[in-house]
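The values are calculated or read from the model by the stated rules, or taken from the named source; none is laboratory data. Predicted model only: the values in this text are computed from it and were never measured. Cβ placement follows ideal geometry from the backbone for every residue including glycine, while neighbour counts extend to all protein chains displayed. Accessible surface is based on the protein model in full, side chains and every heavy atom, while ligands, DNA and RNA are left aside. Shrake-Rupley method; radii C 1.70, N 1.55, O 1.52, S 1.80 Å.
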Amino acid sequence: MEGLRVADEEIRSTGPNFTWETLERHRRELGDSAELYWLLGSDSLLDLPHWREPGRILKLARILTVPRPGFDVGDLDHLPGLDAEQKARLREGILPDSAPAIAATGIREALREGRDCSDQLDPRVLAYIERQGMYRTAR
């Protein structure tokens with residue numbers, strides 16, 4: 001798709017990073033007319049109020065959410081620190097299909113601990129992760 005770019009620097013980062021900083025960097029690079037989207041699972045969406053600068057994130061990008069099994073859109077009503085307009089924007093970004101009951105956070109943790117994740121990842125993805133040495137704990 002022309003004009004579409006996937007940014008993966010937060011995945012590749014070895015140190016702490018903040019989503020709002022990543023989005024601001026892309027905003028500066030691409031200009032004010034660029035549309036920025038942030039894709040995440042509903043488990044992460046419900047944790048958004050605990051991220052750094054959630055209001056700024058919502059101003060910088062449209063949040064697209066992949067619902068996980070068991071996700072209840074009504075849970076958005078109980079998110080602290082977000083106003084009704086912000087919650088409405090989050091609702092608009094919920095994608096229609098649900099994802100498998102696999103969370104990236106859990107996979108990264110399992111990989112760091114050396115557990116087998118071959119039943120949760122495409123073999124090509126797992127091979128890439130292993131080649132790149134991703135998610136390994138420094139020893």
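Considering (1) open to solvent by 60 Å² or more (accessible area, probe 1.4 Å); (2) more than 17 Å from the chain's Cα centre (by Cα); (3) not basic (Lys, Arg), the lone condition that residue 111 does not fulfil carries the number (1). Of everything listed in (1) open to solvent by 10 Å² or more (accessible area, probe 1.4 Å); (2) within 13 Å of the chain's Cα centre (by Cα); (3) touching a residue at least 12 places away in the same chain (Cβ under 8 Å), the single unmet condition for residue 82 is (2).
Determine which member of the set 40, 4 is of a type in the set (A, V, I, L, M, F, W, C) and either at pLDDT 95 or above or surrounded by 16 or more Cβ atoms within 10 Å (Cβ to Cβ) (or both). Just a single option satisfies the conditions, and that option is 40.
Among the residues of the range 7-37, those identified as under 15 Å from residue 64 (Cβ atoms) and open to solvent by less than 100 Å² (accessible area, probe 1.4 Å) are 7, 19, 23, 36. Assessment of the range 126-136 against the conditions (within 16 Å of residue 11 (Cβ to Cβ), more than 19 Å from the chain's Cα centre (by Cα) and outside any helix (DSSP H, G or I)) yields at least one matching residue. Return the pair list, or none, for Cβ contacts closer than 7 Å from residues in the range 39-57 that are farther than 16 Å from residue 73 by Cα to residues that are of a type in the set (Gly, Ala, Ser) and at pLDDT below 95, at least 6 apart or on different chains. Going by the 7 Å Cβ cut-off, the qualifying pairs are 54/81.
Listed by position, the helices (runs of 4 or more DSSP H) enclosed by the range 15-70 that each have at least 2 residues that are of a type in the set (Ser, Thr, Tyr) are 19-30, 42-45. Exactly one residue out of 67, 54 is in contact with a Ser or Thr (Cβ under 7 Å, 6 or more places away or on another chain), crowded, with 16+ Cβ neighbours inside 10 Å and not aliphatic (A, V, I, L, M): that is 67. In summary, residue 101 fulfils each of the numbered conditions (1) open to solvent by 80 Å² or more (accessible area, probe 1.4 Å); (2) at pLDDT 85 or above with the single exception of condition (2).
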